[in-house]
Amino acid sequence: MSEPASDGPMVAVEGLTRTYRTGRIEVPALRGASFTIPAGELVAVKGRSGSGKTTLLNLIGGLDSPDAGTVRVGGQDVGGLGEDDLIRLRRETIGFVFQSHGLIPVLSAAENVEVPLRLVRMAPAERAERVRLLLALVGLDEHAEQRPYELSGGQQQRVAIARALANRPRLLLADEPTGQLDSETAGAIMPLLRAVVQSEGVTVVVATHDQTLLGMADRVLDLSDGVITEAAPAVP
Ligand SMILES: Nc1ncnc2c1ncn2[C@@H]1O[C@H](COP(=O)(O)OP(=O)(O)OP(=O)(O)O)[C@@H](O)[C@H]1O
Ligand SMILES: [Mg+2]
């Protein structure tokens with residue numbers, strides 16, 4: 001697994017610009033977004049629908065390339081990586097939680113969490129142990145054998161979080177992880193992310209509209225008109 005490449009910030013975004021072109025229409029999603037996130041922080045990115053949150057997370061995670069600007073993750077220039085290094089970055093350094101959980105329907109909760117561990121060829125015994133630990137971490141040890149459709153929405157999202165954490169990523173990117181959930185179920189996700197920051201030492205960037213989630217973040221970044229501003233700290 002990759003080691004920290006520097007003592008600098010976990011994420012450093014500088015002048016990030018991304019414009020989508022569909023036919024003759026240009027949609028500027030990001031217009032020079034800049035910010036840094038130190039290791040170990042839980043940062044929320046808020047902004048109205050269409051403000052560029054998903055675009056930003058995709059660029060940080062190397063799923064998309066910017067038109068201008070740079071993204072550094074653990075000191076590595078994501079835009080400068082070749083395809084193999086990008087794949088390694090996404091597999092070993094970054095964990096993704098998407099808005100819809102993206103679990104594989106025919107696999108049990110445990111098997112879904114195991115997928116990324118198979119990809120890095122972890123030995124079976126070690127794999128089983130890691131899966132057990134992760135499911136316990138998200139409070140689903142009793143539900144290991146259930147398939148996604150046999151789990152509630154909140155439980156599915158917790159499996160997705162466990163899966164994203166499987167390879168001990170240093171950075172967890174979560175795109176509206178509570179978007180599909182009622183507020184009570186959603187309220188349980190953020191404490192879980194908090195616990196994970198602590199127990200796994202991971203840095204978290206979460207895109208959300210959810211007030212409860214925003215209130216629990218170390219810092220809130222406001223994305224508006226394609227630029228980032230630091231939101232006023234939440235009243236405790
Ligand atoms: N693949 C694409 N092609 C063209 N335009 C796109 C594409 N993806 C996003 N956009 C546009 O870019 C802008 C930012 O989209 P993005 O998905 O990043 O917003 P968001 O903040 O994640 O919104 P939401 O809260 O609804 O998820 C929007 O205006 C959207 O229509
Ligand atoms: Mg989005």
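The values are calculated or read from the model by the stated rules, or taken from the named source; none is laboratory data. If you're wondering where the values come from, they're calculated on a predicted model, not measured in any experiment. Every residue, glycine among them, receives a Cβ derived from its backbone with ideal geometry; neighbour counts consider all protein chains shown. All accessible areas refer to the heavy atoms of the entire protein, side chains included, with ligands and DNA or RNA removed. Shrake-Rupley method; radii C 1.70, N 1.55, O 1.52, S 1.80 Å.
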- Task: Return the long-range amide H neighbours of residue 224 (sequence gap of 5 or more, or a different chain), with a cut-off of under 5 Å between placed amide H atoms.
- Result: 229
- Task: Name all residues of the range 33-61 having a backbone nitrogen under 15 Å from the label point set 7 Å from the Cα of residue 17 along its Cα→Cβ direction, giving them as ranges.
- Result: 33-34
- For residue 26, what charge total do you get from the other residues with a beta carbon under 12 Å from its beta carbon, if Lys and Arg give +1 and Asp and Glu give -1? +3
- Query: Excluding residue 103 itself, what net charge comes from residues whose Cβ is under 9 Å from its Cβ, given Lys and Arg +1 and Asp and Glu -1?
  - Reply: +2
- Would you mind getting me the FRET efficiency between residue 149 and residue 49? Use the beta-carbon distance for r and R0 = 22 Å, nearest 0.05. 0.20
- Note on the structure: In a Gaussian network model of the chain with springs linking alpha carbons closer than 10 Å, the residue among 140, 63, 42 that fluctuates most is 63
- Note on the structure: residue 63 and residue 200 label points (each 7 Å along its Cα→Cβ direction) are spaced in nm at 1.6
- Query: What does the charge add up to near residue 85, with Lys and Arg as +1, Asp and Glu as -1, over the other residues with Cβ less than 13 Å from its Cβ?
  - Reply: -1
- Query: Tell me, what ³J(HN,Hα) does each residue in the range 7-22 have, in order and in whole Hz, if you take phi through Karplus 6.51 cos²θ - 1.76 cosθ + 1.60 with θ = phi - 60° and put x for Gly and Pro?
  - Reply: 9, x, x, 5, 10, 10, 10, 9, x, 6, 10, 9, 10, 8, 10, 10
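Looking only at Cα atoms, what is the convex hull volume of the chain per residue, in Å³?
On the way: hull volume 31.6 nm³, N = 236.
Once divided by residue count, the hull of the chain is 134 Å³.
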- Percentage of Cα-Cα pair distances in the range 33-111 greater than 15 Å, rounded to whole percent? 65
- State the extension gain, in nm to one decimal, for the chain segment bounded by residue 84 and residue 39, taking 0.36 nm per residue of separation less the distance between their alpha-carbons. 13.7 nm
- Query: So how far apart, in nm, are the two label points at residue 125 and residue 168 if each is 7 Å from Cα heading toward Cβ?
  - Reply: 1.8
- Rel. contact order, % - alpha carbon contacts under 8 angstrom, at least six apart, the chain: 28
- Task: Work out the length of the dipole vector of the chain about its Cα centre, built from +1 on the beta-carbon of each Lys and Arg and -1 on the beta-carbon of each Asp and Glu, and round it to the nearest 20 debye.
- Result: 280
- Collect residues whose amide H, placed 1.01 Å from N in the peptide plane, falls under 5 Å from the amide H of residue 41; neighbours closer than 5 in sequence don't count. 204
- Item | Accessible area in square angstrom per residue, the chain, 1.4 angstrom probe | 48
- Note on the structure: The distance between the Cα centres of the range 63-94 and the range 165-236, in whole Å, is 21
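Determine the gain in length on full extension of the stretch residue 225-residue 136; use 0.36 nm per residue of separation and subtract their C-alpha separation, reporting nm with one decimal.
28.0 nm
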